[in-house]
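Undergrad: I'd like to ask you about the structure that follows.
The values are calculated or read from the model by the stated rules, or taken from the named source; none is laboratory data. On a predicted model such as this, the values are computed, not experimentally measured, just so you know. The accessibility values were calculated without ligands, DNA or RNA, using every heavy atom of the protein model including side chains. Shrake-Rupley method; radii C 1.70, N 1.55, O 1.52, S 1.80 Å.
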Amino acid sequence: MKLSKNMFSERERGLENEFFHRADQQLIERLKEKAQTEKGRAKLADVTGFSDPALLDELLKAGIRAECVVALTLVPLVQIAWADPIIDAREREAVLKAAHDAGVEESSASYDLLTQWLQHKPDESLFETWKHYAAAIAERLGPEQTERLKGDVLKRTLTVAESAGGILGIGTVSAAEEAVLKEIEHAFQQ
């Protein structure tokens, strides 16, 4: 009888050890994820100069990492390209040219993210995140600098909107694209 009690006791300890090992593994994984998030937030804060944890978390949730911050600046171009139901080849070309002009290299994470956005329309939350990003930048800049930045973003965005052309290739902007341009302009209001 002692033998079977001992067997059950050993089996019970084995099950307990397995349970606690699994619980420990789950806790370790959660701690690793938390550390990665905090590390990502810190890197993003360094690159952007923002300290607001809510904004940094919003950027991280949208898939923006420190190495992809440049891609975030191209979100208005992606948004205008997707304003109409499909992206025209000339719009895609115009967005990629604007990215190249901004220093985005084809081998970079920003370029990979951008091409992904051009292949599959990103969720509307990405544009909302960009608007919060633009508002945060506008808060940090003076009125004159904000106007210059807004003018630059609108000029590049309008170039993409006009790239598909209207009748006989004469640049026209659709009503949907016009609405996006107004949202972009409004994002810089202080």
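Undergrad: Short version: ³J(HN,Hα) in whole Hz for each residue of the range 127-134, in order, from phi by Karplus 6.51 cos²θ - 1.76 cosθ + 1.60 (θ = phi - 60°), x for Gly and Pro, what are they?
TA: 5, 4, 4, 4, 4, 5, 4, 4
Undergrad: Oh, and also: Determine how large the accessible area of Glu93 is when every protein chain is in place; take a 1.4 Å probe and give Å² rounded to the nearest 10.
TA: Approximately 130 Å² for this residue.
Undergrad: Sticking with this structure for a sec: Once you've got the Cα coordinates, tell me which of Lys61/Lys155; Lys39/Lys61; Lys43/Lys150; Lys39/Lys150; Lys131/Lys155; Lys61/Lys182 are over 20 Å apart. Intermediate results must be reported in sequence, preceding the final value.
TA: Numbers: Lys61/Lys155 28 Å; Lys39/Lys61 14 Å; Lys43/Lys150 26 Å; Lys39/Lys150 31 Å; Lys131/Lys155 17 Å; Lys61/Lys182 25 Å.
Over 20 Å apart, Cα to Cα: Lys61/Lys155; Lys43/Lys150; Lys39/Lys150; Lys61/Lys182.
Undergrad: Could you work out what % of the accessible surface of the range 53-149 is carbon and sulfur, using a 1.4 angstrom probe and leaving DNA, RNA and ligands out of the count? Could you put the intermediate results ahead of the total?
TA: On the way: 2640 of 5070 Å².
Within the range 53-149, the accessible surface is 52 percent carbon and sulfur.
Undergrad: So, one more: Could you pull the accessible area for Thr172 with a 1.4 Å probe, rounded to 10 Å²?
TA: 70 Å²
Undergrad: Continuing with this model, one more query. On full extension of the chain, what length is gained from Glu144 through Asp57, given 0.36 nm per residue of separation minus the C-alpha to C-alpha distance? Each step should come with its number before you reach the end.
TA: Working: separation 87, 0.36 × 87 = 31.32 nm, distance 2.89 nm.
Stretched fully, the Glu144-Asp57 segment lengthens by 28.4 nm.
Undergrad: Working with all protein chains in place, sort Lys121, Lys150 by solvent-accessible area computed with a 1.4 Å probe, largest first. Let's see the in-between values first.
TA: Numbers: Lys121 115, Lys150 20 Å².
Descending accessible area places them as Lys121, Lys150.
Undergrad: Hey, another quick one. Compute the accessible area per residue over the range 95-162, keeping the other protein chains in place, probe 1.4 Å, unit Å². Walk me through the numbers on the way to the answer.
TA: Numbers: 3860 Å² over 68 residues.
Averaged over the residues of the range 95-162, the accessible area is 57 Å².
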